[in-house]
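Student: Have a look at this one.
The values are calculated or read from the model by the stated rules, or taken from the named source; none is laboratory data. In this text the structure is predicted, and so the values were computed from the model without any measurement. Don't worry about glycine lacking a Cβ; one is built from the backbone with ideal geometry, like all the others, and counts go over all protein chains shown.
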Amino acid sequence: MKICHIITGLDDGGAEAVLYRLINADKSNRHRVVSLMGAGKYGPLLEQIGVQVTCMNMPRGRVTFSGLYTLWSVLRQEKPDVVQTWMYHADLLGGALARCVGLRRIFWGVRNSSLELAKSNRKTLAIAKVNALVSRWIPTAIICCAERARQVHRSLGYDHRKLMVIHNGYDLNLFKPDSKARMRLRAEWHVDPAMPLFGMVGRFDPQKDHENLLCALASLKLDGTPFRCTLVGLGLDASNMELVTWLQKYCLNEEVILLGQRSNMPDIMNALDLHVLSSAGEAFPNVLAEAMACGTPCVTTDVGDAALIVGDTGWVVPHENPQALADAIKDALLKSMDIEAWQVRKAAVRDRIEHYFSIHEMTEAYKLVWERGC
């Protein structure tokens, strides 16, 4: 089949990463990608694996006639068997234009599970509400990445008959235990092999609630617990004055290592003893599964499908509760002292991802939906 993917943008994000992994894993269909904005990080990567990428180059949050004409032209010329859209703006614009061109097999992609008026961008919320109104007519089905996302969008008014869940999948040949990577990065960061090392991967964003993590780390330091913590992602570097101010406020300049945006995620996950997610809102947090695929246990707030991902292999605490987060980290450190039991846990977290969240399972689920139309 010819599959045309329409996505809001191709920068470094969860939906973009899943799109790339899905196309790279699906060798039985022909894929083309249209970005409403620019090529970002994943445009060149997609082209490297032979995928044609078209950029509409519309400014963020704005619709242009030239952009719409570009998409219209691609859909008319390509006449794809399936249109798969990703994220709200692409769902609306891509889905509507596909219908106008006469295409019928249209699948929306919902990636968000934390639509709250107080925390969400008002324009994004408005687009989501419009999508809810037209969800009965435009999409054939609406694919959510998490059960929580399905529940949230059903309550928002999306056509509940069309909502379904396909969990994210991961390349277990890429994300796997690697002791050499662990030693190499810890040496690069000047972290002693015996020093407990935590980390959180995720861009600097209110939803990620990094201050919640820093409050928890300050509590650990006050208790005399030795540790280091790496922060990885867009905006997590010394140029972020708000973050730098927080580090000074909580006296964590020595303990926290700011790494900024990195591309070597498997190596980073292997270097950590524990991945900690402090988010106030998520749908299906990829970083948990990526860490676990590398054999790294996780502490996470109870957001989206985080509890489903970690199962009984990790620790789940209420969001926006730094003391609960600190207590869970301390419990994990205590359990890690039993080296044999900790190795069993590390194997269990890897096994859980392999069993439930492999890239093969996700790819086959998408292919089945595209083929059957529901």
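Student: What helices (runs of 4 or more DSSP H) lie completely within the stretch 230-327 and have 2 or more residues being within 27 Å of residue 152 (Cβ to Cβ)?
Tutor: 286-293, 306-310
Student: Does the stretch 182-204 hold any residues that are without any contact (Cβ under 8 Å) to a residue 12 or more places away in the chain and under 13 Å from residue 232 (Cα atoms), and which are they? Before you say what the answer is, go through the steps one by one.
Tutor: We begin by selecting, within the stretch 182-204, every residue without any contact (Cβ under 8 Å) to a residue 12 or more places away in the chain; these are 183, 187-188, 190, 192-194.
Listed by number, the list is empty, since nothing qualifies.
Student: Within the stretch 181-212, how many residues turn out to be within 22 Å of the chain's Cα centre (by Cα) and not hydrophobic (A, V, I, L, M, F, W, C)?
Tutor: Adding up the residues that qualify gives 11.
Here's the yes/no breakdown for (1) of a type in the set (A, V, I, L, M); (2) touching a strand residue (DSSP E or B) at 6+ places or on another chain (Cβ under 9 Å):
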residue	(1), (2)
7	yes, yes
33	yes, yes
38	no, yes
60	no, no
70	no, yes
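Student: Take the residues of the stretch 193-205 that are buried (at least 16 other Cβ atoms within 10 Å of the Cβ) and among the aliphatic types (A, V, I, L, M): which is farthest from residue 364 (Cα to Cα)?
Tutor: Per the stated criteria, the residue is 197.
Student: Residues to consider are 311, 295; find the one that is in the same structural domain as residue 245 (by TED's automatic domain parsing), touching a residue at least 24 places away in the same chain (Cβ under 8 Å) and surrounded by 22 or more Cβ atoms within 10 Å (Cβ to Cβ).
Tutor: That would be 295, the only listed residue that is in the same structural domain as residue 245 (by TED's automatic domain parsing), touching a residue at least 24 places away in the same chain (Cβ under 8 Å) and surrounded by 22 or more Cβ atoms within 10 Å (Cβ to Cβ).
Student: To continue, here is another question. For residue 347, indicate whether it is surrounded by fewer than 16 Cβ atoms within 10 Å (Cβ to Cβ), at negative phi and not in a loop (DSSP other than H, G, I, E, B).
Tutor: On the way: surrounded by fewer than 16 Cβ atoms within 10 Å (Cβ to Cβ): yes; at negative phi: yes; not in a loop (DSSP other than H, G, I, E, B): yes.
Yes: the conditions hold for residue 347.
Student: Now, a different point. Could you run through the stretch 164-192 and say how many residues are in a strand (DSSP E or B) and either surrounded by fewer than 20 Cβ atoms within 10 Å (Cβ to Cβ) or in contact with a Pro (Cβ under 6 Å, 6 or more places away or on another chain) (or both)?
Tutor: Summing the residues that are in a strand (DSSP E or B) and either surrounded by fewer than 20 Cβ atoms within 10 Å (Cβ to Cβ) or in contact with a Pro (Cβ under 6 Å, 6 or more places away or on another chain) (or both) in the stretch 164-192 gives 2.
Student: Mind telling me which of the residues 141, 149 ends up being aliphatic (A, V, I, L, M), crowded, with 21+ Cβ neighbours inside 10 Å and in the same structural domain as residue 23 (by TED's automatic domain parsing)?
Tutor: From the options 141, 149, the qualifying one is 149.
Student: Quick one: is residue 356 within 18 Å of the chain's Cα centre (by Cα), hydroxyl-bearing (Ser, Thr, Tyr) and modelled with pLDDT under 95?
Tutor: Judged against the criteria, residue 356 is a match.
Student: Still on this structure, I have one more. Looking at residue 93, is it of a type in the set (A, V, I, L, M) and either modelled with pLDDT of 95 or more or outside the structural domain of residue 54 (by TED's automatic domain parsing) (or both)?
Tutor: Details: of a type in the set (A, V, I, L, M): yes; either modelled with pLDDT of 95 or more or outside the structural domain of residue 54 (by TED's automatic domain parsing) (or both): yes.
So residue 93 passes the test.
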